[in-house]
Amino acid sequence: MDETVIRAMDKWPDVPAVFGWLSLSRRGEWLIRGERIPHRASCAFISRNYAGDDRGRWFFQNGPQRVYVALEYTPWVIGLDAGGGLVTHTGTSIRVPEAVWLDDAGNLLLMTELGIGVLDDRDLDAISTRLRHAGEGRNDELLEQAVAETRSGRAGNLNFVWEGRTLTVGSVARAEVAKRFGFDPAPE
């Protein structure tokens with residue numbers, strides 16, 4: 001968190017929180033009342049001061065005021081950086097994912113050291129080269145079958161390969177993601 005934000009919190013400790021204004025899109029864009037924030041410096045400030053609380057609510061600490069964030073999907077949106085590494089919507093680099101899931105809508109979810117994040121759909125084609133049918137190498141027909149099975153809830157034949165690690169891709173229903181991973185997508 002920015003030092004100026006920390007000082008403001010100390011100076012004005014009892015400023016009421018704000019709900020219903022700020023949201024995070026499925027592609028990692030900051031929105032105010034549904035409109036994308038075009039100012040890069042403002043987005044960078046929000047990103048530097050973005051955190052979660054012990055109740056699974058995510059917020060932007062705006063000086064002494066906590067602005068809760070409505071999440072279109074997960075608290076983190078993960079994409080590929082210019083070097084092919086994983087990076088969050090806030091610009092934080094991700095190490096090797098700890099676990100991977102495919103939801104029933106075809107979204108790839110990654111558990112990272114920061115928590116659960118959804119892969120930015122614009123990077124899905126590039127990351128799909130990391131998917132493998134279990135035990136079969138790169139066979140497109142078997143891979144498509146494994147993806148379809150995983151999306152329908154029958155996980156086990158799909159792997160995700162990243163930096164020498166092979167992770168079995170699990171199944172999860174999109175409607176159950178927030179509860180399963182312990183976050184509140186719509187704090188009030």
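The test for being surrounded by 14 or more Cβ atoms within 10 Å (Cβ to Cβ) and not in a loop (DSSP other than H, G, I, E, B) does not hold for Tyr73. For segment 161-177, the candidate set comprises residues that are in contact (Cβ under 8 Å) with a residue 40 or more places away in the chain and within 17 Å of the chain's Cα centre (by Cα); within that set, the residue that is nearest to Asp125 (Cα to Cα) is Val169. Kindly check whether there is at least one residue in segment 136-151 that is small (Gly, Ala, Ser), outside any loop (DSSP other than H, G, I, E, B), at pLDDT below 95 and out of contact with any Leu (no Cβ under 8 Å at 6 or more places or on another chain). Yes, that holds for at least one residue.
When Arg27, Arg66 are checked against the criterion of being under 30 Å from Leu167 (Cα atoms), outside the structural domain of Met111 (by TED's automatic domain parsing) and either in contact (Cβ under 8 Å) with a residue 60 or more places away in the chain or surrounded by 19 or more Cβ atoms within 10 Å (Cβ to Cβ) (or both), a single residue qualifies: Arg27. Which residue out of Leu119, Leu110 is closer than 17 Å to Leu71 by Cβ, touching a helix residue (DSSP H, G or I) at 6+ places or on another chain (Cβ under 9 Å) and not assigned by TED's automatic domain parsing to the domain that holds Asp54? From the options Leu119, Leu110, the qualifying one is Leu119. One residue is enough: does segment 181-188 have a residue meeting the conditions farther than 23 Å from Arg57 by Cα and either surrounded by fewer than 19 Cβ atoms within 10 Å (Cβ to Cβ) or aliphatic (A, V, I, L, M) (or both)? No: segment 181-188 contains no residue that is farther than 23 Å from Arg57 by Cα and either surrounded by fewer than 19 Cβ atoms within 10 Å (Cβ to Cβ) or aliphatic (A, V, I, L, M) (or both).
Going by the structure shown, is Val100 in a strand (DSSP E or B) and under 30 Å from Val18 (Cα atoms)? For Val100, the condition - in a strand (DSSP E or B) and under 30 Å from Val18 (Cα atoms) - is not met.
From Val77, Val100, Val87, grab the single residue that is in contact with a His (Cβ under 7 Å, 6 or more places away or on another chain) and at pLDDT 95 or above.
Val77
When you scan segment 82-104, do you find a residue that is hydroxyl-bearing (Ser, Thr, Tyr) and more than 20 Å from Met1 (Cα to Cα), even just one? Within segment 82-104 (the criterion being hydroxyl-bearing (Ser, Thr, Tyr) and more than 20 Å from Met1 (Cα to Cα)), the answer is no, since none of the residues qualifies.
Of all residues in segment 145-158, none that is surrounded by fewer than 17 Cβ atoms within 10 Å (Cβ to Cβ) has its Cβ atom under 8 Å from the Cβ atom of a residue that is modelled with pLDDT of 95 or more and of a type in the set (Lys, Arg), 6 or more apart or on another chain.
Can you tell me which residues in segment 103-135 are among the acidic types (Asp, Glu), in a helix (DSSP H, G or I) and closer than 26 Å to Ala44 by Cα? Across segment 103-135, the qualifying residues are Asp121, Asp123.
The values are calculated or read from the model by the stated rules, or taken from the named source; none is laboratory data. Note that this is a predicted model, so its numbers are computed, not measured. Cβ coordinates were reconstructed from backbone atoms using ideal geometry, including for glycine residues, and neighbour counts include every protein chain displayed.
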